[in-house]
Protein chains: 2
Amino acid sequence: MPELKSRQVSQLPPLQAIRVFEAVARHLSFTKAAGELGMTQAAASYQIKLLEERVGAPLFLRRPKQIVLTEAGQRMAPAVSEAFALLGGAYAAARSGADGVLCVSTLLTFASNWLAQHLGSFQVAHPSLAVRLDTSNRLVDFAREDIDIAIRSGGGNWPGVEVHKLFNADFTPMLSPKLAATIGGVKEPADLLRLPILDPGDIWWRDWFIAAGLPVEELAKRPGSSMGAQAYEANAAIAGQGVPIVTAAFFKAELADGRLIQPFDLVGDDGHAYWLVYPPARRNLPKIRAFREWILAELAGQ
Amino acid sequence: MPELKSRQVSQLPPLQAIRVFEAVARHLSFTKAAGELGMTQAAASYQIKLLEERVGAPLFLRRPKQIVLTEAGQRMAPAVSEAFALLGGAYAAARSGADGVLCVSTLLTFASNWLAQHLGSFQVAHPSLAVRLDTSNRLVDFAREDIDIAIRSGGGNWPGVEVHKLFNADFTPMLSPKLAATIGGVKEPADLLRLPILDPGDIWWRDWFIAAGLPVEELAKRPGSSMGAQAYEANAAIAGQGVPIVTAAFFKAELADGRLIQPFDLVGDDGHAYWLVYPPARRNLPKIRAFREWILAELAGQ
DNA sequence: TTCAGGCATAAGCCCTCCTTATGGGCCGTG
DNA sequence: CACGGCCCATAAGGAGGGCTTATGCCTGAA
């Protein structure tokens, strides 16, 4: 469609040439403008000549020691400068805006069990970065939603995204030291049978009982009450209300300060893990890099 | 200077990509925008992807039946549209402005002897074209002065300009019929010796006297009074005050209506001529073309 | 007169950007 | 439910725009 093309071309000037014109008009010098634009004087000369032919009139008068704008050039220069200022502003705004807000899509579990406790340190480290959490269990599609980076749980084999493993979604019983003390300490798995089990219907309990050699039937006898989020169960555990089976990695802080204890090294593992994922194209964006490095360091450093 | 270049590039976006972005943002469709810009959908997709990588954030969310602007895209779109409107306006203004005013540099002689009588018909034929005359005898340099087209006298061999010969700068005596009648008509060159010679010091008289076989000494005896412009001498001649030697082509109208007569076919010619000149690059500009065609037709048609 | 600064021009090459071709996702309809 | 249409993404390939280097010209200053 050469016709359409030529029509369009005549409506709007060659942009590269216009950019050069703007610089030349500001400096009133081909050489200086070329320097500012990072190109040679010859290139600037070429572009101006091109533009003059398109406009149909000279834009500069070549005087010995300097150039001056022609009437046509004077008409064009102010508006062009303003347009470029606008363009530059918009671009910069989009760029910095892109750096200023980080949209994290995260699983509910991860948000309440881990991010809630740790995000503060990220904010402190990057005060200029506003974090917007988008909490849902959908598998976000970076092409369709305005999301920068996400936490997913699963096998880690998603196409078209860059992934970093955060930790395995393993599970093991946890309880408060006080509760353990009520039965003289928890020495072996069977001791758990003498304590309240939180959410005994959880599939994880079943797996763990099997791995630990405990009778699965015991679980069925217990009163079932699913709390949903691990954080709630953990709180109940801290309060001494019973023993949940949870992902230890979520509660490193509680383990560290003694509010909770992990009585056994035995952990269940269904092969799933938590992953940090983002589009490969944005791997090196400052905010992506900042979040990635922070979260990996945070997990490694504890 | 790769450093400078990359710095610059990061300050201002890739312009072609921005132009595509503007169209896409307006249509909210890659395909339609590509159509408007006279390129393929693939090209639009490519440019948007490029821009998104530069900005560091997606600008559009790809939804099934249509695309929508992301937050970053929304921030950018209005300013970008405005900037392009500005650019388009400035460009159009420069373009049309370039077509609206025609600067003609002309020799004093030509202006008063020919243009003054004829320019009116050009104005009538091109009412939207304003003509600005720049009258001087300098040899204008199109690179240094804001001139569109010029009339020059000389050999016609100037480098770097396009030339059209208007007519030879020949010369021959002219006089009013009444003055001729006072001596019973002018039949042969020698008859002129019985009449007043206007500006007898003019080199043209000398040349013509020699060509006509008249005694050159006669000229020296006459009272010298140079009037300068041929138009003044012609007026004096019409008033019957004497005989000037002038370029016949300037006075076709006077010859046609009988105010002046050219008694002899003998014309002097020093090889010079009047020429229309302009930069080759502007050969096809509407206003250049209009003036050229008009002046050539005007001279041919008489 | 020579030198320095600045623009124009020519030749040549690289890389951007566009095209064609193809595939995938989602929608509607028969 | 399958099929065709619409729209966008991607890959490969090619043309030409636009940059660089090299050189020349002009002018004003020393």
Worksheet item: What average count of beta carbons from other chains do you get within 10 Å of the Cβ of residues in A:58-71?
Response: 3
Worksheet item: From the square roots a ≥ b ≥ c of the eigenvalues of the alpha-carbon gyration tensor of the range B:179-235, which class results: rounded (a/c under 1.5), prolate (a/b over b/c), or oblate?
Response: oblate
Worksheet item: Does anyone have the angle between helix B:41-55 and the longest principal axis of chain B? Alpha-carbon axes, 0 to 90°, nearest 10?
Response: 70 degrees
Worksheet entry | Helix B:203-212 vs. chain B, principal-axis angle (Cα, 0 to 90°, nearest 10) | 50 degrees
Worksheet entry | Dimensionless Rg ratio for the range B:101-302, taking C-alpha atoms and the 2.2 N^0.38 Å reference | 1.12
Discussion item. On a straight-distance basis, which aspartates and glutamates could pair with A:K49 in a cross-link, Cα separation under 20 angstrom, same-chain partners fewer than 8 positions away excluded?
Written reply: A:E22, A:E36, A:E71, B:D99, B:D141, B:E145, B:D146, B:D148, B:E162
Worksheet item: Restricting the count to DSSP beta bridges whose residues both fall in chain A, what percent are antiparallel, rounded to a multiple of 5?
Response: 70 percent
Fill in: Label point 7 Å beyond Cα along the C-beta direction, distances from B:K178 to other copies (nm, shortest first)
13.5
Fill in: Average beta carbon contacts from partner chains per residue of A:92-102, 10 Å cutoff
6
Worksheet item: Residue-wise, which Karplus ³J(HN,Hα) couplings in Hz belong to the range A:253-263, taking 6.51 cos²θ - 1.76 cosθ + 1.60, θ = phi - 60°, and x for glycine or proline?
Response: 5, 5, 5, 5, 8, x, 5, 10, 10, 9, x
Worksheet item: So what's the angle, to the nearest 10 degrees on a 0 to 90 scale, between helix B:71-100 and the longest Cα principal axis of chain B?
Response: 10 degrees
Discussion item. Using Cβ contacts closer than 10 Å as the measure, can you line up A:D199, B:D207, B:D170 from fewest to most?
Written reply: B:D207, B:D170, A:D199
Worksheet item: How do A:K287, B:K49 line up, fewest other C-beta atoms within 10 Å first?
Response: B:K49, A:K287
Item to complete: Report, for B:A43, each distance to the same residue's label point in the other copies, shortest first and in nm; define the point 7 Å along Cα→Cβ.
Response: 2.2
Worksheet item: Once every DSSP H run of n ≥ 4 in chain B is given -39500 (n - 2.57) and the sum is divided by its residues, what mean residue ellipticity at 222 nm do you get, rounded to the nearest 500 deg cm²/dmol?
Response: -14000 deg cm²/dmol
Worksheet item: Exposure proxy check: B:I245, A:I295 ranked by fewest other beta carbons within 10 Å?
Response: A:I295, B:I245
Discussion item. Of B:H126, B:L198, B:H272, which is farthest towards the positive pole of the range B:101-302's charge dipole, taken about the Cα centre with +1 and -1 on the beta-carbons of Lys, Arg and Asp, Glu respectively?
Written reply: B:H126
Worksheet item: Dipole of chain B, Cα-centred, from +1 at each Lys and Arg C-beta and -1 at each Asp and Glu C-beta, to the nearest 20 debye?
Response: 1680 debye
Worksheet item: When you look at the Cβ of every residue in B:197-204, what mean number of other chain Cβ atoms sits within 10 Å?
Response: 0
Response to the item:
With a Förster distance of 30 angstrom and the Cβ-Cβ distance between A:A281 and A:K49, calculated FRET efficiency to the nearest 0.05 equals 0.20
Worksheet item: Given H placed 1.01 Å from N in the peptide plane, which residues other than close sequence neighbours of A:H272 have an amide H under 5 Å from its amide H?
Response: A:A169
Worksheet item: From the label point of A:V124, set 7 Å along Cα to the beta carbon, how far off in nm is each other copy's matching point, shortest first?
Response: 9.0
Worksheet entry | Förster-model FRET efficiency, 22 Å R0, B:D269 and B:W158, C-beta, rounded to 0.05 | 0.65
Discussion item. At 7 Å along Cα-to-Cβ for each site, give me the label-to-label distance between B:A42 and A:A211 in nm.
Written reply: 5.2 nm
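No value in this document is a laboratory result; all are computed from the given coordinates. Keep in mind that what you see is a predicted model, and the values were worked out from it rather than measured. Every residue, glycine among them, receives a Cβ derived from its backbone with ideal geometry; neighbour counts consider all protein chains shown.
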